[in-house]
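Comments concern the structure below.
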Amino acid sequence: MVVSIFMMSSVSWALPPIRVAFSLDKPPYVIRATETGLEVEILRKVFLDMGYEMTPVFQPPARSVRSLELGRVDAMATITNMPKFHLSAPYITFKNFAWTLKGRKIQLKTLNDLSRHRVIAFQNARHFFGSDFDKAVAKNPNYEEYADQKRQLKMLFADRVDVIICEERTLKINQKNIESTDTKKSWPEIEKHTLFGDSLYSVAFRDAKLRDSFNGSLGKLDSQKAFQAIYKKYVEE
């Protein structure tokens, strides 16, 4: 009897789940192995305030869009523009740059300069950065997008690509990890080019009411500075 009462009590207190799509590994924002990271923990805290237990789903962005369309997930993180869904207020800011090998002395002053180089960006970058970026790379046969951003940096180091487009904190962590694998090797110095402004990212929802509830919890927690400990844990400025 005691056991059955305890089980009923546990079930009654269980929070309803909500499935949220995240990209594959993107430290410090998304760490798949531990289901943690700056983005993951911020959103987990917001959904907990809403009364949900967040279940992260890690997959490439293109697949996540399809999963959201089919209802296999309830929401998708790290979105800037997706008219077919309901976007939340911004919850995080990324600082994206174009990166080159300093020794190559590549000059990048405008987005149009990208058309003359071998370029690799993160998956769905053409969608995230908008029409000007899309036009700049649309006719470039040497433009590609990869979900694995560590691979981008390895290709840059190997001089197999001229330019990579990557978020600064993500690049620095990937650079540290790659260089730590061979401390005796002389790694080339890289240079950043400011072609983009700060990117404010939102969550895309299938349901507008769920989006509205998310905005309410996000605004309340943000005003209480509830995310400070999470930033301190993952961010080194």
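The values are calculated or read from the model by the stated rules, or taken from the named source; none is laboratory data. Nothing here was measured: the structure is a model prediction, and the numbers come from that model. Remember, those area values only see protein heavy atoms, side chains included, never the ligands or the DNA or RNA. Shrake-Rupley method; radii C 1.70, N 1.55, O 1.52, S 1.80 Å.
Numbers for the structure displayed
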{"read-out": "Sulfur and carbon atoms: percent of accessible area, the range 147-203 [1.4 Å]", "value": "43 percent"}
{"read-out": "Amide H within-cut-off set for Val73, under 5 Å, with H built and near neighbours excluded", "value": "Leu68"}
{"read-out": "Volume per residue that the Cα convex hull of the range 181-237 spans, once the total is divided by residue count, Å³", "value": "190 Å³"}
{"read-out": "Cα pair count fraction exceeding 19 Å, expressed as % - the range 36-116", "value": "55 percent"}
{"read-out": "The range 92-150 shape via C-alpha gyration tensor axes, a/c threshold 1.5", "value": "rounded"}
{"read-out": "Quotient of C-alpha Rg and 2.2 N^0.38 Å, computed over the chain", "value": "1.14"}
{"read-out": "Gyration tensor (Cα) of the range 69-180, equivalent ellipsoid semi-axes in angstrom", "value": "26, 18, 12"}
{"read-out": "Pairs from Lys185/Lys225; Lys26/Lys109; Lys192/Lys232; Lys172/Lys209; Lys26/Lys209; Lys105/Lys139 whose Cα-Cα separation, in the structure shown, is over 31 Å", "value": "Lys185/Lys225; Lys172/Lys209"}
{"read-out": "Per residue, in Å², the accessible surface of the range 110-237 once ligands and nucleic acids are set aside, probe 1.4 Å", "value": "57 Å²"}
{"read-out": "Overall dimensions of the range 141-226 as given by Cα atoms, namely Rg and Dmax in Å", "value": "18.6, 55"}
